[in-house]
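J.: Submitted below is the structure of interest, expressed as C-alpha cells.
The values are calculated or read from the model by the stated rules, or taken from the named source; none is laboratory data. Fair warning: this is a prediction, and the values are worked out from it, not measured in the lab. Glycine gets a Cβ as well: all are built from the backbone with ideal geometry, and neighbour counts include every protein chain shown. Each accessible area value is taken on the protein alone, full model and side chains, heavy atoms only, with ligands, DNA and RNA left out. Shrake-Rupley method; radii C 1.70, N 1.55, O 1.52, S 1.80 Å.
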Amino acid sequence: MERATFAAGCFWGVEDAFRRTPGVVEAVSGYAGGHIAHPSYEQVCGGNTGHAESVEVTFDPSKTTYEALVRRFFEIHDPTQLNRQGPDVGAQYRSVIFYHSPEQQEIAERVKKELAPQYLPKTIATSIEPAKEFWRAEEYHQRYAEKHPGRVVCHI
Ligand code: MHO
C-alpha cells in the first residue's frame, strides 16, 4: 500500500471523494502542513496553527496510480482559489499536495504544469510541499459525510 496526502478545502468532502475513488483503501481526515503538535479542530479553525485540513489516502498501487489520485484531487476542488475553498475561507482551507517521495513530487509538479493552461487566465494556487507529520482529526470528523447524509455543504 502507498500513501498520498492532499488538502483541498473542508476535509469532510475531500475524504468522502477519495473514499469513493477506485483503488483507495482508506481515507482519513486530519491536519498537516503546520507547526502545532496534536492540533484540535478549534485550534486549526483559529487559523494560527499553519495546518491545512487534509486527507491521508492509502491506496493499492496495483489498482490505481498516484498520478490518477493527483488528477482526482484537481477535479474535486477549485485549485485557483487562494487560502479558501468555496464558502470556507482561511489558510486552513488552502490547496496542497503533500508528497511522500521524489517520485510523487515529480508527478504532482508535472500534472499541475500540464493542467495549468486549462485554468487560464487564473493560476493554480496549489502548493506542493513535502509531507511531514499528519495529525488525525477528532473521531467525529471521520466519515462525516457518511454519518450526515446531505449535510456536507462543502464544495463537492
Ligand atoms: N463550512 C463548514 C466547514 C467545516 S469543515 C470541517 C462548516 O459547516 O462548518 O472545515
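J.: Starting from the stretch 74-88, take each residue that is under 20 Å from Val111 (Cα atoms) and list its partners that are part of a loop (DSSP other than H, G, I, E, B) and near the ligand (Cβ under 9 Å from one of its atoms), counting only C-beta distances under 6 angstrom and pairs at least six apart or across chains.
T.: That search, which allows pairs on different chains as well, returns His77/Gly9.
J.: Okay, moving on. For the stretch 98-156, enumerate the residues that are open to solvent by less than 80 Å² (accessible area, probe 1.4 Å), within 16 Å of the ligand (Cβ to nearest atom) and in contact with a helix residue (DSSP H, G or I) (Cβ under 7 Å, 6 or more places away or on another chain).
T.: Across the stretch 98-156, the qualifying residues are Ala137, Glu138, His141, Tyr144, Ala145, Val152, Cys154, His155.
J.: Could you list, in sequence order, all residues of the stretch 11-38 that are touching a residue at least 40 places away in the same chain (Cβ under 8 Å), open to solvent by 10 Å² or more (accessible area, probe 1.4 Å) and not in a helix (DSSP H, G or I)?
T.: Within the stretch 11-38, Thr21, Pro22, Gly23, Val24, Val28, Gly33, Ala37, His38 qualify.
J.: Check Pro87 against each of (1) closer than 19 Å to Thr5 by Cβ; (2) within 16 Å of the ligand (Cβ to nearest atom) and name the one condition it does not meet.
T.: The failed condition is (1).
J.: Can you pull out every residue in the stretch 1-10 that is assigned to a strand (DSSP E or B) and not β-branched (Val, Ile, Thr)?
T.: Across the stretch 1-10, the qualifying residues are Glu2, Arg3, Ala4, Phe6, Ala7, Ala8.
J.: What do you reckon, is Thr64 away from the ligand (no atom under 16 Å from the Cβ), closer than 22 Å to Val152 by Cα and open to solvent by less than 50 Å² (accessible area, probe 1.4 Å)?
T.: no
J.: Let me ask something additional. Of everything in the stretch 81-97, what is in contact with a Lys or Arg (Cβ under 6 Å, 6 or more places away or on another chain) and buried (at least 21 other Cβ atoms within 10 Å of the Cβ)? Give them in sequence order.
T.: Answer for the stretch 81-97, where residues must be in contact with a Lys or Arg (Cβ under 6 Å, 6 or more places away or on another chain) and buried (at least 21 other Cβ atoms within 10 Å of the Cβ): just Tyr93.
J.: Any idea which of (1) more than 14 Å from the ligand (Cβ to nearest atom); (2) over 19 Å from Ala137 (Cα atoms); (3) open to solvent by less than 20 Å² (accessible area, probe 1.4 Å) is the one His77 doesn't satisfy?
T.: Of the numbered conditions (1) more than 14 Å from the ligand (Cβ to nearest atom); (2) over 19 Å from Ala137 (Cα atoms); (3) open to solvent by less than 20 Å² (accessible area, probe 1.4 Å), the odd one out for His77 is (1).
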